[in-house]
Structure formats: C-alpha cells, structure tokens
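Working notes, beginning with the structure itself.
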Ligand code: WT7
C-alpha cells in the first residue's frame with residue numbers, strides 16, 4: 001500500500017502548454033467531459049459515429065450485441081477489412097506517397113515505405129501466403145525480428161482473413177511449440193536472424209528446434225535478414241525473396257465479417273498455460289484507431305515512434321494497426337536501446353525528428369541510470385508528446401522523463417491497458433487534462449472503470465480496491481482461443497452477477513477521479529512491462545531434475561519494475577552449488593525465454609507452507625523483497641524457522 005501513500009503525497013500537477021492545447025484534437029476538460037458523457041449515455045451512437053470514419057464493404061446492423069454476454073459482438077452484420085483501412089484507404093488521398101513506416105535496423109540500415117509501397121508489398125506477401133496454401137481462417141504464426149516485413153506480414157494476414165499469432169522473438173523454442181499447438185497453426189513466417197546488441201539472434205534455428213515437435217506445420221516462409229547460415233528443409237521452407245518477390249501485386253482485400261478473427265496473442269496468466277487472447281476485426285480497429293488519434297493527439301505532420309516490440313500488444317495496436325489506420329507515420333527500430341551506445345534512441349529521435357514518443361517505464365529507468373549526458377547531447381526539440389505503458393511509473397522516473405527527455409514542455413500520457421483490452425482504457429488526453437506523476441488518469445471514451453471491494457461493493461470517491469470495467473468496449477478480447485470457459489472464468493466469474501470485467505489490477509482513485517494503477521493482484525509478475533505467470537516459471541523449474549518444488553515471487557527491482565525470485569527445494573541428498581543457480585536460470589530461459597530468467601535463485605530444503613499445504617507466497621515475497629543482494633547467506637535453517645514462526649503467529 002506504500003504506493004497509495006505515495007499518491008496521496010503527490011501534489012504535483014502539470015498542465016499542457018497553451019501552444020500544445022491550441023493544436024490538440026481535444027482542448028479542454030469540458031470538451032472531454034462532454035464527449036465522455038455522450039459515449040456513456042449513448043454508446044451505440046458514440047461508437048457508431050466513430051466507425052463511420054472507416055471503410056465498410058457493408059455497413060453494420062447492430063453496434064453492440066449483448067445477447068450472449070460475456071461474448072459480446074460489435075458492428076454485427078458489417079463487412080470490413082483492417083488492412084484495407086490501414087493501407088488502401090490512404091491511396092486515393094494525398095497520403096499515397098506519405099511515409100507509412102520509417103524503419104531503422106540496428107546496424108544502421110534504413111528503409112522508408114510510403115503507403116503506396118506498403119500496399120504493394122502487402123499485396124505481394126498476401127498472394128505469396130495464398131500460394132503456400134494459407135486460407136481464410138488459417139492461423140499464421142509470426143516469429144520475426146523488428147523489420148518492415150513483420151508489419152507487412154501482419155497486414156497481409158489481415159488482408160486475407162488469416163489470423164496471425166505473433167511470438168516475441170525473445171521467446172524460446174518451447175514457447176513456440178506451445179503456441180503453435182494451441183492455435184493449431186500450420187504456417188510460420190520467420191527470418192534467418194535479427195540483430196540485437198550487435199549480435200545475430202538465430203530465429204530460424206529456434207523455429208527448426210520447435211518444429212521437431214510440431215509435425216502439423218506445413219510451410220515456413222523465411223526472410224533473409226541477417227545472412228546467418230540456416231538450414232532450409234526441402235518442401236517445407238521457402239525463402240521470402242523467392243515467394244514474395246515472384247507474387248503478383250494485385251490482391252483485393254477480403255470482405256470480412258466484423259467479428260472475423262484478426263489475431264491471437266498469447267499472454268501469461270496465473271496458471272501455467274499461456275492464454276490465447278483473441279481479437280477480432282472491426283471493434284479492435286475502431287478502438288485502436290480512435291485511441292491512437294486522441295491519446296497521441298496524432299497529426300498528419302507527426303513522426304510517431306513507439307519503441308515496443310511488435311511481439312507485444314503495444315506494437316500490434318500502436319506501431320501498426322491504430323497508427324496506420326490514422327494515416328500517420330510510424331517509426332520502427334530493430335535493435336537494442338543501448339547499441340552501439342546508450343544514446344541510440346536519442347539519435348533516432350534527432351535523426352527522424354520524432355514528435356511523439358511512446359516507451360515503457362523500465363526503459364525510462366534504464367535511461368536515467370545510464371546518465372543524462374546521452375539525451376542531453378542530442379537535439380530532442382522535435383518532441384511534443386511523451387507516453388508510457390506497461391507498468392506503474394514511479395514519480396521520480398516520471399519527473400526525469402518530463403525534464404530530461406521532454407525538456408519540461410511535453411505532456412506525458414501514462415496509458416493503462418492490457419493485451420486483453422486491445423487499446424488504451426485509462427489515460428489523460430494530453431491537451432485536455434493536467435497530469436500527475438504516477439497516475440494514469442481518466443477513462444477513455446466509452447470506458448466505465450470502477451473500484452470495488454473483494455465483495456463487489458463499489459467504492460466511490462477516494463478509494464483503493466479491485467479495478468473492474470463495468471461495460472464492454474469495442475476492442476476487448478472476444479475469448480481465449482479455444483477455451484470459452486476459461487475466458488468466462490478468468491474475466492467474468494468473480495463478479496458474474498454484475499457482468500463486470502475483472503482486470504486483475506488493483507487501483508486507487510484520487511480526489512479528482514484520476515486512477516492510479518497499483519499493480520497485479522494475482523500470481524502474475526510484471527517484469528519490464530511484460531506479464532509473466534509465476535506458475536509458468538515454476539513449471540519450467542520443476543521440469544529440471546535438480547528441482548523438487550519451486551515457488552516464484554516478484555520483488556521490487558530498480559530497472560525492471562519487478563524482478564523474479566525463485567525459491568527452489570532440491571532432493572535431500574543434494575547440496576546445490578552456485579553453478580546450479582546458473583544452470584537453473586538458463587533452464588528457465590530455454591523453457592520460456594530470457595525474459596523469464598530468475599534474477600535470484602534461493603535454494604531451500606522445503607518451502608514454507610500452510611497446514612493445508614499452500615505455499616505461503618506472502619512470506620516469500622517479504623523475504624525476496626527484504627534481501628535483494630544476490631549470494632546472500634540466508635541459511636535454510638533461518639528460513640524454515642521464519643516460516644514456522646509465521647505459521648505459529650497465524651495459528
Ligand atoms: C498489465 C497488462 C498494455 C500493453 C503493455 C502490457 C500493467 C499496463 C500500465 C500503466 C500501470 C500498467 C497492468 C496491466 N500496466 N499499463 N500505464 N500503469 N500498470 O500489456 O502484458 O497485457 O500487461 O500491465 O498490471 O494489467 P500486458
């Protein structure tokens with residue numbers, strides 16, 4: 001609860017400059033209030049108006065259908081295509097030759113794709129996919145570096161109605177196996193490799209390893225990016241430059257039902273099995289595009305840069321779909337923020353004259369630590385708006401971002417949302433509201449957040465509690481792929497009677513109605529703005545012969561927000577060594593990906609449990625938070641004594 005005390009003490013508020021307000025889409029709190037009220041009192045009218053701004057092959061009959069709640073549908077009866085709305089629609093306007101994507105590779109190579117060129121590449125890719133046998137409804141798995149072809153492949157999938165499942169390039173072969181099986185995906189698009197911190201990440205080799213366990217995969221399309229040696233399996237693997245270059249550039253966009261599946265994106269839950277978040281076409285399109293316009297205050301002359309990887313939902317919504325749907329210019333960067341030096345991001349801002357910059361608190365903390373000299377030696381005067389996403393931002397990092405990166409003149413939008421929500425739900429609108437360090441802000445149009453108690457009592461006024469969303473919104477997930485029951489269970493069972501969506505986050509609402517997100521309330525750890533399920537890491541650990549039992553908890557981490565601490569019990573006849581720590585850390589990296597590598601491994605003879613056999617995570621969390629130095633000498637005896645004492649206290 002210390003974060004709540006913090007917000008109570010936080011009295012600083014910052015108003016946008018008159019110059020910013022003058023050019024903003026929404027210029028005052030009154031204007032927001034008016035629009036918000038309309039969106040709540042008449043959601044069908046509000047969202048129907050918003051949807052009018054897109055191309056429809058056939059207009060919808062019903063804006064929102066609640067009949068099968070919580071399986072809501074939006075814009076039922078309509079036919080549209082998100083790729084068409086992101087690309088084709090701009091070709092008959094002056095934007096035809098506007099930059100859609102400005103890309104920079106880590107080694108410094110660059111490419112700019114106009115909307116016209118993007119269209120050409122997307123059509124060719126779509127035809128190549130068809131020639132490989134991809135049909136409408138088939139799931140295509142993408143495991144790629146941050147190169148333009150990733151965006152091209154996504155749009156090509158959307159064009160032909162083949163939902164994509166993007167797997168972050170940092171995930172391991174095993175993660176690919178699980179996701180390919182769960183989505184029953186027969187097609188994969190990958191690359192030989194991608195650049196990261198000066199070396200080549202061998203993506204194709206990881207796919208090969210995964211596919212040993214995925215006999216159902218029929219075709220693998222391979223982009224040549226890093227020129228590292230790869231094996232091509234005859235009959236299965238096809239080079240991108242063979243298939244795509246040869247394909248025709250004429251590929252009409254399919255007329256898809258509003259609820260046609262657009263993508264699956266896997267995210268961690270509190271159980272071991274990743275959840276396949278399913279998003280569909282029209283509602284996601286309207287939500288991602290409208291939030292892009294208002295939250296990032298997009299203007300045609302802007303150069304917009306979101307530093308996320310497209311493997312996360314942030315990249316889906318705010319590098320590709322929401323941004324291109326507005327006809328804006330999106331910058332894409334392949335590599336690490338500190339390669340060749342910690343000023344790389346600021347070089348990019350200076351070089352492309354970036355106006356709107358969207359990144360994560362973990363990155364901001366790292367920049368602050370690397371030293372002010374890096375941003376200060378670059379010209380960042382083009383920036384006019386800054387954003388953050390992924391986890392709560394501590395006020396110190398927020399102030400640093402404002403002063404050092406924003407030069408004190410740029411509003412900061414702290415955007416709260418989730419893979420499940422598809423688009424931003426809580427934020428400030430930069431021209432309309434004051435901001436407060438550490439506070440996300442107010443609900444976006446159509447969003448009805450509510451703080452409630454465990455028992456479901458609404459807590460109005462200044463209060464903390466569980467954050468729920470009372471009414472559906474267009475870009476919400478539709479289900480967990482292949483598991484409707486789990487969808488209902490995870491998001492709608494706790495407050496089934498009321499029909500509220502459970503976010504899994506705790507939040508505090510302040511005297512001005514601003515929401516401050518405190519963090520996850522379930523067994524999910526937020527590492528560097530990405531969710532990891534403790535169960536997932538525990539199962540990975542237990543799969544190693546050295547491990548009898550494992551309990552994983554988060555602890556406060558200076559840069560990553562939360563670090564991962566694993567308490568591991570080993571067979572009685574084994575005395576674990578420091579080397580074993582490394583072995584287990586690498587084992588988790590291999591099972592899930594480097595992002596899930598525990599920061600600390602603590603060996604113990606037994607885990608503290610309640611009499612009923614439940615691991616006492618609360619205690620472990622305390623221990624993990626209290627002793628942050630690695631290699632500390634906490635002995636097993638101390639540990640069990642503490643556990644026993646606590647048990648006795650509670651009894
Ligand atoms: C969880 C969702 C949405 C894209 C990135 C993460 C946390 C997200 C904020 C924020 C405080 C935040 C929440 C949420 N979170 N944004 N601005 N302030 N917390 O997507 O992996 O689906 O994780 O990230 O805990 O539930 P995700």
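Quick grid of which residues meet (1) at pLDDT 90 or above; (2) outside any strand (DSSP E or B); (3) within 16 Å of the ligand (Cβ to nearest atom):
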| site | (1), (2), (3) |
| --- | --- |
| 507 | yes, no, yes |
| 511 | yes, yes, no |
| 522 | no, yes, yes |
| 531 | no, no, yes |
| 536 | no, yes, yes |
| 544 | yes, yes, no |
| 547 | yes, yes, no |
| 554 | yes, no, yes |
| 564 | yes, no, yes |
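Applying the criterion of at least 2 residues that are within 28 Å of residue 477 (Cα to Cα) to the strands (runs of 3 or more DSSP E) found wholly in segment 56-143 leaves 56-58, 62-65, 73-76, 99-104, 140-143.
Among the residues making up segment 184-227, those that are part of a strand (DSSP E or B) and touching a residue at least 40 places away in the same chain (Cβ under 8 Å) are 187, 188, 189, 190, 191, 194, 195, 196, 201, 219, 221, 223. Out of 272, 235, one residue alone is assigned to a loop (DSSP other than H, G, I, E, B), farther than 30 Å from residue 552 by Cβ and more than 18 Å from the chain's Cα centre (by Cα). It is 235.
When each of 335, 315 is tested for being away from the ligand (no atom under 16 Å from the Cβ) and over 24 Å from residue 26 (Cβ atoms), the lone residue that passes is 335. Looking across 343, 406, one residue alone is more than 15 Å from the ligand (Cβ to nearest atom), in contact with a strand residue (DSSP E or B) (Cβ under 8 Å, 6 or more places away or on another chain) and without any contact (Cβ under 8 Å) to a residue 40 or more places away in the chain. It is 406. Kindly indicate whether residue 311 is in contact with a strand residue (DSSP E or B) (Cβ under 9 Å, 6 or more places away or on another chain), assigned by TED's automatic domain parsing to the domain that holds residue 148, closer than 22 Å to residue 160 by Cβ and surrounded by fewer than 24 Cβ atoms within 10 Å (Cβ to Cβ). So residue 311 fits the description; yes.
Answer yes or no as to whether residue 301 is under 30 Å from residue 446 (Cβ atoms) and surrounded by fewer than 20 Cβ atoms within 10 Å (Cβ to Cβ). So residue 301 fits the description; yes. Take the conditions (1) within 14 Å of the ligand (Cβ to nearest atom); (2) in a helix (DSSP H, G or I); (3) touching a residue at least 40 places away in the same chain (Cβ under 8 Å); residue 358 misses just one of them, which is (2). The number of residues in segment 461-475 being touching a residue at least 40 places away in the same chain (Cβ under 8 Å), in a loop (DSSP other than H, G, I, E, B) and surrounded by fewer than 24 Cβ atoms within 10 Å (Cβ to Cβ) comes to 4.
Being under 13 Å from residue 275 (Cβ atoms), assigned to a loop (DSSP other than H, G, I, E, B) and at pLDDT 95 or above is the requirement here; does residue 482 meet it? Quick ask: steps written out before the conclusion?
On the way: under 13 Å from residue 275 (Cβ atoms): yes; assigned to a loop (DSSP other than H, G, I, E, B): yes; at pLDDT 95 or above: yes.
Criteria met by residue 482.
Do the conditions hold for residue 461, that is, is it at pLDDT below 95, assigned by TED's automatic domain parsing to the domain that holds residue 287 and on the phi > 0 side of the Ramachandran plot? It is true that residue 461 is at pLDDT below 95, assigned by TED's automatic domain parsing to the domain that holds residue 287 and on the phi > 0 side of the Ramachandran plot. On the basis of being over 21 Å from residue 225 (Cα atoms) and either touching a strand residue (DSSP E or B) at 6+ places or on another chain (Cβ under 7 Å) or surrounded by 21 or more Cβ atoms within 10 Å (Cβ to Cβ) (or both), does residue 105 make the cut? So residue 105 does not fit the description; no. For segment 489-499, does any single residue satisfy the condition of being buried (at least 19 other Cβ atoms within 10 Å of the Cβ) and either more than 24 Å from residue 361 (Cβ to Cβ) or modelled with pLDDT of 95 or more (or both)? Within segment 489-499, one or more residues are buried (at least 19 other Cβ atoms within 10 Å of the Cβ) and either more than 24 Å from residue 361 (Cβ to Cβ) or modelled with pLDDT of 95 or more (or both).
Counting only residues that are within 16 Å of the ligand (Cβ to nearest atom) and in a loop (DSSP other than H, G, I, E, B), which one in segment 372-398 is surrounded by the fewest Cβ atoms within 10 Å (Cβ to Cβ)? Lay out the reasoning, then the answer.
Here is the first cut: in segment 372-398, the residues within 16 Å of the ligand (Cβ to nearest atom) are 385-398.
Imposing the further condition that a residue be in a loop (DSSP other than H, G, I, E, B) reduces the set to 390-394.
Working: 390: 23, 391: 22, 392: 25, 393: 26, 394: 19.
My answer is 394.
The values are calculated or read from the model by the stated rules, or taken from the named source; none is laboratory data. Quick caveat: nothing in here was measured; it's all calculated off a predicted structure. Cβ atoms come from the backbone with ideal geometry, glycine included; neighbour counts cover every protein chain shown.
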